[in-house]
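Let me begin by presenting the structure, written as structure tokens, before commenting on it.
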Amino acid sequence: MTTATDPRPATGPATDPHPATGPVADETRVTTYQAAQGEALVEEMRRDASVFCMGQDLRMGGFFGGTRGMVEEFGHERVLDTSITEAFMVGCAAGAAMTGMRPVVQMGFADFSLIAGDEIFQKLGKWRHMHGGQFELPAVIVMPIGPSGGAGPEHSGSMEMLGMHFPGLKVVVPSDPWDAKALLKAAVRDPNPVLYYPSKQLDWIRGPVSTDPDEIIPLGQAAVRRRGTTATVITYGCMTRRALEAAEALAGEGVDLEVVDLRTLVPLDLDTVTASVLRTHRALIVHEAPRTAGPGAEIAAAVQERCFWHLDAPIMRLGAVDAPVPASRHLEQHCFPSVADITEAARRLARI
Amino acid sequence: MAPRKRRPTGVPADPGLLLGLFTTVARARALEDALAVHIRDHGFAGFWHPGKGQEGAVAGACAALRTDDYLFYQGRGATWPLAKGMGLQPIIGDLLGRVTGSTGGKGAGVPHWADPALGIMGEGATLGSVYPIAAGAALSAKMRGTDQVALADFGDGTSHRGTFHETLIQAASWKLPLVYFCENNGLAVSTRFEDVSPTPNVADRAGAYGIPGVVVDGQDAVEVHRVTAEAVERARAGEGPTLIEAKVTRVGGHWEGDAQQYRPDDFLKDYRDPLEILRAYLGDAHAETADKIVADAAAEVAEELLRAEAADLPDPEIITKDVFV
């Protein structure tokens with residue numbers, strides 16, 4: 001049995017340039033998660049004339065305020081309001097991307113990705129490959145996931161696993177303002193199509209962001225947010241904060257959780273994940289997406305393939321309940337793993 | 001069925017243009033005929049949708065584009081890439097799944113020919129998906145300040161897709177340099193256009209978007225060239241999209257080998273061979289030249305077909321290449 005008193009020490013260098021203690025860069029400023037995304041977009045549009053954004057209600061600031069003030073700076077030519085035409089927006093981005101532009105499509109809600117399913121999964125994801133690698137498609141599709149206080153079953157989806165399943169798409173889910181900004185900038189600069197899924201539950205979370213316009217986080221690097229020895233919590237997006245809260249709650253009980261924030265699901269940084277699990281010998285995966293066939297299923301399978309003989313307990317998963325998210329705000333909050341759920345699961349895992 | 005010779009009045013008989021169109025249609029026809037024989041004798045790894053009978057519309061429209069204009073074609077026949085400047089080997093190589101194809105044999109069967117340097121931007125096989133993509137290329141040209149035009153080619157069947165409407169309403173509002181080019185052969189696989197369309201023409205819908213809609217005899221390459229050149233000029237001038245509908249005849253089945261039991265006996269009654277129409281335009285003065293073009297095209301296609309057959313199949317390693325840059 002492995003516990004916090006396990007004599008095997010945690011080994012290996014931390015891979016995170018700005019771990020849970022917060023960024024160490026000199027030039028930082030505090031802002032919200034969604035404002036950080038707006039900053040990233042503005043800075044990238046200033047840097048590169050081929051970057052533009054397109055979506056619904058952008059001129060008034062977008063659904064979540066991230067683009068407020070952008071028309072004044074960049075004009076209507078680079079801040080394009082569309083009508084309710086998701087398939088057009090994404091298909092148009094694909095065509096613009098393959099001819100030298102870098103579109104950023106703001107899609108209101110991740111649920112709408114299904115309306116533009118052909119355009120996202122078959123065109124952005126496949127065009128380069130099916131035409132013999134002759135095209136680059138540097139487009140970013142921003143699709144907020146999760147509940148936002150009564151948005152209802154068709155506006156609360158967490159469907160980032162679709163991006164994992166369809167080859168050719170990179171998938172980003174930032175967990176704090178710093179990452180929201182630096183990962184969006186990396187997404188804009190990436191020559192591949194990137195699906196960027198901010199978690200709506202984090203919209204008003206405040207935290208430091210870099211003021212260095214060239215601060216990016218390369219896609220494919222997970223971060224160890226907290227060092228621990230009892231078990232590794234593998235998570236991303238809004239569940240990262242809850243996992244950290246659970247870890248603090250358990251610290252007095254001799255359960256010492258390590259928390260790995262994946263940051264991107266494609267590419268998936270399995271090296272950081274498995275290095276952590278090889279130290280702690282236990283793994284708990286937590287995500288906002290429904291549990292069945294969610295990202296946790298893939299991650300659990302990959303971890304056991306790499307770490308089976310080093311595991312002291314079965315890999316556990318926590319995800320949203322397998323039901324549509326009701327519009328009721330009262331019911332909504334019971335759909336997703338809470339800090340208490342994570343704490344309880346980690347306790348059970350530690351006892352095995 | 002003997003083609004009816006006809007030379008419309010009022011059409012300038014530019015010999016260079018006519019010979020160019022005739023050459024394109026002759027080469028495309030030679031390819032269609034050779035492929036039909038090849039598929040009959042050897043089978044085919046995929047689905048070939050023959051474009052025989054529709055070559056004139058395609059050649060006429062494509063001749064109105066510059067090399068740097070963007071072409072998004074649909075998957076019937078091979079005239080579009082041929083007319084836009086692609087060599088026969090890259091076309092046939094992809095059809096037979098060989099490394100000599102434009103995609104290295106990856107886009108074979110249902111071919112995905114592409115060559116960005118020639119403005120050949122590829123195909124989406126979920127038909128009707130190229131409308132917004134072509135609009136994106138047009139938007140890009142406009143934003144970059146070039147005077148490039150994008151052409152979206154499609155059939156009457158996909159003119160009913162939601163993307164047709166989504167794109168046209170936005171592209172017309174934004175006055176994008178976009179040409180919608182419909183090859184209306186009256187059949188979506190077996191479904192007749194008149195059974196599923198409330199209006200007799202696709203182009204009738206143009207008014208709803210505040211853009212011009214033009215119906216043209218798609219078997220007459222010269223007429224198609226004339227109306228497409230007008231649409232391209234309009235697009236280049238920043239006046240927005242045009243919806244062109246070329247009435248064509250699908251001489252063959254939906255796929256090569258299709259028994260076509262859904263077809264009435266007289267389905268070719270209105271068909272006039274686009275190659276023969278062009279031959280009539282050229283007149284007696286160019287009869288010998290025309291004959292030589294036809295003979296050369298057949299010989300060239302036969303040679304390239306043999307070359308493609310002898311070429312290697314791609315290494316399976318290419319399956320995992322080109323997923324990401």
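The values are calculated or read from the model by the stated rules, or taken from the named source; none is laboratory data. Not measured: the values here are computed from a predicted model. When we count neighbours, we look across all protein chains shown, and the Cβ atoms used for this are built from the backbone with ideal geometry, even at glycine. When the accessible area is computed, the model is the full protein with side chains, heavy atoms only, and any ligands, DNA or RNA have been set aside. Shrake-Rupley method; radii C 1.70, N 1.55, O 1.52, S 1.80 Å.
For B:V224, are the conditions met, namely being closer than 30 Å to A:G100 by Cβ, assigned to a helix (DSSP H, G or I), more than 9 Å from chain A (Cβ to nearest Cβ) and touching a residue at least 60 places away in the same chain (Cβ under 8 Å)?
The answer is yes for B:V224.
Would you pick out the residues in region A:75-84 that are open to solvent by less than 10 Å² (accessible area, probe 1.4 Å) and more than 22 Å from A:R46 (Cα to Cα)?
Within region A:75-84, the subset open to solvent by less than 10 Å² (accessible area, probe 1.4 Å) is A:79.
Across region A:75-84, there are no qualifying residues.
Regarding B:D69, is this residue out of contact with any Phe, Trp or Tyr (no Cβ under 9 Å at 6 or more places or on another chain), more than 8 Å from every other protein chain (Cβ to nearest Cβ) and open to solvent by less than 20 Å² (accessible area, probe 1.4 Å)? Working first, answer last.
Numbers: out of contact with any Phe, Trp or Tyr (no Cβ under 9 Å at 6 or more places or on another chain): yes; more than 8 Å from every other protein chain (Cβ to nearest Cβ): yes; open to solvent by less than 20 Å² (accessible area, probe 1.4 Å): yes.
Judged against the criteria, B:D69 is a match.
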*Determine whether region A:108-116 contains at least one residue that is within 21 Å of the chain's Cα centre (by Cα) and farther than 24 Å from A:M159 by Cβ.*
no
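Of everything in region A:295-335, what is part of a loop (DSSP other than H, G, I, E, B) and surrounded by 15 or more Cβ atoms within 10 Å (Cβ to Cβ)? Give them in sequence order. Spell out the reasoning first.
Residues of region A:295-335 that are part of a loop (DSSP other than H, G, I, E, B), as a first pass: A:311-315, A:321-328.
Within region A:295-335, A:L311, A:D312, A:A313, A:I315, A:V325, A:P326, A:A327 meet the criteria.
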*Of all residues in region A:243-264, which are buried (at least 24 other Cβ atoms within 10 Å of the Cβ) and either at negative phi or acidic (D, E) (or both)?*
A:A243, A:A246, A:A247, A:L257, A:E258, A:V259, A:V260, A:D261, A:L262, A:T264
*Subset of region B:130-160 that is in contact with an Asp or Glu (Cβ under 7 Å, 6 or more places away or on another chain) and surrounded by fewer than 24 Cβ atoms within 10 Å (Cβ to Cβ) - its residue that is farthest from B:L243 (Cα to Cα)*: B:M143
*Looking at region B:81-106, which of the residues that are within 11 Å of another protein chain (Cβ to nearest Cβ) and part of a loop (DSSP other than H, G, I, E, B) is farthest from the chain's Cα centre (by Cα)?*
B:V99
*Which one of A:S210, A:S158 is within 21 Å of A:R291 (Cα to Cα) and either more than 13 Å from chain B (Cβ to nearest Cβ) or touching a Phe, Trp or Tyr at 6+ places or on another chain (Cβ under 8 Å) (or both)?*
A:S158
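Could you tell me whether B:G238 is on the phi > 0 side of the Ramachandran plot, in contact (Cβ under 8 Å) with a residue 24 or more places away in the chain and assigned to a loop (DSSP other than H, G, I, E, B)?
On the way: on the phi > 0 side of the Ramachandran plot: yes; in contact (Cβ under 8 Å) with a residue 24 or more places away in the chain: yes; assigned to a loop (DSSP other than H, G, I, E, B): yes.
Yes: the conditions hold for B:G238.
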*Identify, from the list B:L278, B:L268, the residue that is assigned to a helix (DSSP H, G or I), within 26 Å of B:A203 (Cα to Cα), open to solvent by less than 60 Å² (accessible area, probe 1.4 Å) and of a type outside the set (S, T, Y).*
B:L278
*Does B:A152 count as closer than 23 Å to B:V25 by Cβ and within 14 Å of chain A (Cβ to nearest Cβ)?*
yes
_Just the residues that are facing another protein chain (nearest Cβ under 8 Å) and open to solvent by 30 Å² or more (accessible area, probe 1.4 Å), please, taken from region A:87-117._
A:G100
*Which of (1) part of a helix (DSSP H, G or I); (2) under 19 Å from the mean Cα position of the chain (by Cα); (3) surrounded by fewer than 17 Cβ atoms within 10 Å (Cβ to Cβ) does A:T292 not meet, given it meets every other one?*
(1)
